[in-house]
Amino acid sequence: MMKKQSILIIGSDKGLGLGLTEAYLEKGWNVFATHLPDADTSPLFALKEAYPDSLTTGEVDVTEESHIGPLIARCSERRFDIIFMVAGIYGPLHQSLLQASDAEFQQIMMTNAFGPARLARYLLPFLACEGTLVFMSSHRASIGGNTEPGIGLDLYRASKVALNMLARCIYMDMKPGEHTVLSIHPGWAATAMGTLDGAVEAEIEVKTSVNGMVDVIELHRNDKEHLFLDYENNIWPW
Ligand SMILES: NC(=O)c1ccc[n+]([C@@H]2O[C@H](COP(=O)([O-])OP(=O)(O)OC[C@H]3O[C@@H](n4cnc5c(N)ncnc54)[C@H](OP(=O)(O)O)[C@@H]3O)[C@@H](O)[C@H]2O)c1
């Protein structure tokens with residue numbers, strides 16, 4: 001019998017992380033899904049009732065160094081075919097370099113860049129041979145793609161650019177041909193973040209984004225490169 005494939009999803013209690021958790025469970029994978037300690041876990045635990053043998057849950061705040069050890073201890077016997085760093089925040093609504101406080105900039109950089117990259121680095125020993133590490137990026141991280149005046153999003157863009165670079169640094173530290181690293185833009189999806197908590201309309205549903213990402217990851221799992229692409233398999237300029 002073929003071994004069940006497995007994925008670790010960091011940030012899975014709602015939005016795209018929850019959608020990815022459900023999609024991989026439906027595909028018959030083992031899923032280790034993490035959430036913040038104080039998250040509303042009811043949707044995740046409903047999935048656990050439906051898939052008691054395939055879904056494991058754990059807690060981690062990517063900004064907390066002290067959470068790394070306990071998570072690693074729970075991973076020690078596991079090898080993941082995919083590790084997907086999903087967690088992220090939009091940051092302050094103003095998004096402005098002029099208005100941002102030191103604390104606002106620190107929080108978005110910690111949550112979207114340093115936190116997930118550091119945790120991913122610690123989790124590498126648990127990535128299976130030829131496994132794939134995926135970071136949830138955004139097309140807003142594309143410096144080449146930032147040609148629209150007046151859109152702003154300074155803080156969010158900066159944090160995801162930093163995440164892309166840290167992903168590249170992790171990739172460059174790997175043995176050539178060992179793993180694939182993907183920085184993926186999920187599309188503008190109807191989540192709490194994508195709709196700014198219901199204030200704006202997103203372009204696509206969570207399912208469209210998730211199904212697209214699952215297919216794109218499958219297509220590129222053996223590329224042994226670091227790619228910046230989106231849920232429709234378009235390559236984005238760095
Ligand atoms: N939706 C879009 O249109 C869009 C577009 C481009 C990129 N993205 C990226 O996609 C990812 C998922 O976003 P989403 O749209 O699904 O938003 P979401 O519904 O707001 O979900 C964000 C997830 O990240 C978790 N999280 C936040 N801070 C965390 C921390 N310090 N440690 C661990 N987990 C943390 C949240 O936990 P709580 O629920 O407990 O707060 C939640 O599970 C993000 O990285 C986002 O930047 C989204």
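Read-outs throughout are calculated quantities, based only on the coordinates presented, and are distinct from any laboratory measurement. All values derive from a computational prediction rather than experimental measurement. Backbone-built Cβ (ideal geometry, glycine too); neighbour counts: all protein chains shown.
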With Rh as the Kirkwood radius over Cα pairs, the chain has Rg/Rh of 0.94
The extension gain from Glu59 to Thr147, computed as 0.36 nm times the residue separation minus the Cα-Cα distance, is 27.8 nm
Checking rank on 35-41, 130-136, with mean other Cβ inside 10 Å and highest first, the result is 130-136, 35-41
With label points set 7 Å from each Cα along the Cα-to-Cβ direction at Leu98 and Leu227, the distance between them in nm comes to 4.1
Distance in nm between Ala202 and Ala128 label points, each 7 Å along Cα→Cβ, equals 2.8
Mean separation of Cα contacts under 8 Å (at least 6 apart) over the residue count of the chain, i.e. the relative contact order in percent, is 18
